[in-house]
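For reference, the structure is listed below as structure tokens.
Nothing in this text is a laboratory measurement; each read-out follows from the coordinates by a stated rule. Since the model is a prediction, treat every value here as computed from it, not as a measurement. Don't worry about glycine lacking a Cβ; one is built from the backbone with ideal geometry, like all the others, and counts go over all protein chains shown.
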Amino acid sequence: MGAYTLYHNKKIKLWKVEIVKDKSIEKQEQKPGQIIVANDKQGLYIKTIDGIIKVIEIQGENAKRMNAQDYLRGNPMVINEKLE
């Protein structure tokens with residue numbers, strides 16, 4: 001089923017995510033929806049109300065479903081920006 005969000009006014013579907021148990025990348029000032037890590041080596045990590053998720057599979061607007069690292073190679077996302 002997945003979940004939808006917006007990034008730069010484009011719809012993105014998060015198909016598969018994992019809850020991150022390692023709290024070492026979490027910081028007090030991070031807000032829910034904020035991008036914490038976004039690169040094709042480590043992947044995509046997003047702050048949530050309850051902690052941090054790692055995006056495993058993602059689908060950009062009018063694009064096919066793919067793993068997060070492949071998506072980030074062609075669609076860079078900026079750390080600290082917020083998903084809507």
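The table that follows gives values for the structure above.
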| quantity | calculated |
| --- | --- |
| Complete set of residues in the stretch 4-28 that are more than 16 Å from LEU83 (Cα to Cα) and either of a type in the set (D, E, K, R) or surrounded by 15 or more Cβ atoms within 10 Å (Cβ to Cβ) (or both) | LYS16, GLU18, VAL20, LYS21, ASP22, LYS23, GLU26, LYS27 |
| Residue count, the stretch 47-84 (criterion: β-branched (Val, Ile, Thr), under 19 Å from TRP15 (Cβ atoms) and either touching a strand residue (DSSP E or B) at 6+ places or on another chain (Cβ under 6 Å) or in contact (Cβ under 8 Å) with a residue 40 or more places away in the chain (or both)) | 5 |
| Qualifying strands (runs of 3 or more DSSP E) (wholly inside the stretch 7-84; at least 2 residues being under 10 Å from the mean Cα position of the chain (by Cα)) | 10-19, 35-39, 43-48, 51-59 |
| Qualifying residue in the stretch 41-48 (condition: surrounded by 17 or more Cβ atoms within 10 Å (Cβ to Cβ), out of contact with any helix residue (DSSP H, G or I) (no Cβ under 7 Å at 6 or more places or on another chain) and on the phi < 0 side of the Ramachandran plot) | yes |
